[in-house]
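The values are calculated or read from the model by the stated rules, or taken from the named source; none is laboratory data. Just so it is clear, the structure is predicted and the values come from calculations on it, not from any experiment. FYI the Cβ positions are ideal-geometry reconstructions off the backbone, even for glycines, and counts take in every protein chain you see.
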Amino acid sequence: MTTFADYLHKQSTEFSLDNQLIETVRTIVNACITINSQVRLGALSGVLGEAGTGNVQGEAQKKLDVIANQILIDALKNCPAVAGLASEEEDDFVSTNEQGQYLVLFDPLDGSSNIDVNLSIGTIFSILKKPSGSLNTASFLQKGSEQVGAGYVLYGPQTLLVLTLKHGVAIFTLNAQSEFILSKLNPTVSEQTAEFAINMSNQRHWEAPVQRYISELLAGKDGVRGKNYNMRWVASMVAEVHRILMRGGVFLYPKDNRDPSRAGKLRLMYEANPLSLVLEQAGAASSNAHQRMLDIVPEGLHQRVAVILGSREEVDYVTQLHQ
């Protein structure tokens, strides 16, 4: 039985990872164990429902959004290895410890619309090396390929930690003693799939290449793709990504014409980059329909992007349709 602590020690020794990175990861994961305890109690601890506040994007916050966000902020502020943090729920970055070498970005509770109906939600996190000099917004605006680690904790039927430190992917299951135990090492996403995930209610708003792509999938074995596809939709990106990690598939949240000035709905820094790194480490691909996700140079902490990620054959095909 390999514990999370055992795994971190082995990664540190095998790949010469510094102690500050290990401490940063440990702090994030311990905070997520605390969040899990709040998620599990639900209505019994009064954490369900609306918080009556909005985040920087103008979205209504759930009580658990606010609670999870504060748990992570408090934990990271007390970690000497973390120089600064940025949250999807906060207007600006937060400076923490001057001597810290790492930056952490996170979505404290992805899939908030699922909280009150008891469907899967999760915490997504991204770790960057702090550049030299004083901390400012530009310190965080690094390409996804510069991440030194990323992952998520999925609060589902089991609580799972999925982590990459850029040497493959490890999956851990939380046991009855609130300890993560390694349950799967280096999963691989198949290049081909017959399963897709997209919000079909937005179909009339999609750009022509996505309209064409989904029409081809729906045509089944009699269409140009020559096989039948199944559709799934959980409305929680972290849950969609985990399904792809486990059995393949493709997830799309494309740009649409409701707001032509906006490149997409999902956040590059808090969702697309960390989840893309996890999937790429498992052999999958990720794109904004025009270029590799991890090659995008960020322009702001809350930048939005179109997202196509999953089995490589499908991601490449959709990207080609846009070209």
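Across segment 245-254, what is the total count of residues that are touching a helix residue (DSSP H, G or I) at 6+ places or on another chain (Cβ under 7 Å) and part of a helix (DSSP H, G or I)?
Number of matching residues: 1.
What pairs come up if the first residue lies in segment 304-323 and is assigned by TED's automatic domain parsing to the domain that holds Y270 and crowded, with 16+ Cβ neighbours inside 10 Å, the second is part of a helix (DSSP H, G or I) and hydrophobic (A, V, I, L, M, F, W, C), and their beta carbons are under 6 Å apart, counting only those six or more places apart or on different chains?
What qualifies is V305/L268; V305/A272; V307/A272; I308/V315; I308/V318; L309/L279; G310/I244.
Applying the selection to segment 95-116, what residues are surrounded by 15 or more Cβ atoms within 10 Å (Cβ to Cβ) and either in a strand (DSSP E or B) or free of Cβ contacts under 8 Å to residues at least 40 places away in the same chain (or both)?
S95, T96, N97, Y102, L103, V104, L105, F106, D107, P108, L109, D110
Just to be sure before I move on: is L119 at negative phi and outside any strand (DSSP E or B) in the structure I sent?
yes
What strands (runs of 3 or more DSSP E) lie completely within segment 142-198 and have 1 or more residues being touching a residue at least 60 places away in the same chain (Cβ under 8 Å) and more than 16 Å from the chain's Cα centre (by Cα)?
169-174, 180-185, 195-197
Confirm whether S139 is under 16 Å from the mean Cα position of the chain (by Cα) and not in a strand (DSSP E or B).
Here the answer is no, as S139 does not meet what is asked.
Criterion first (touching a residue at least 60 places away in the same chain (Cβ under 8 Å) and surrounded by fewer than 23 Cβ atoms within 10 Å (Cβ to Cβ)) does A219 satisfy it?
no
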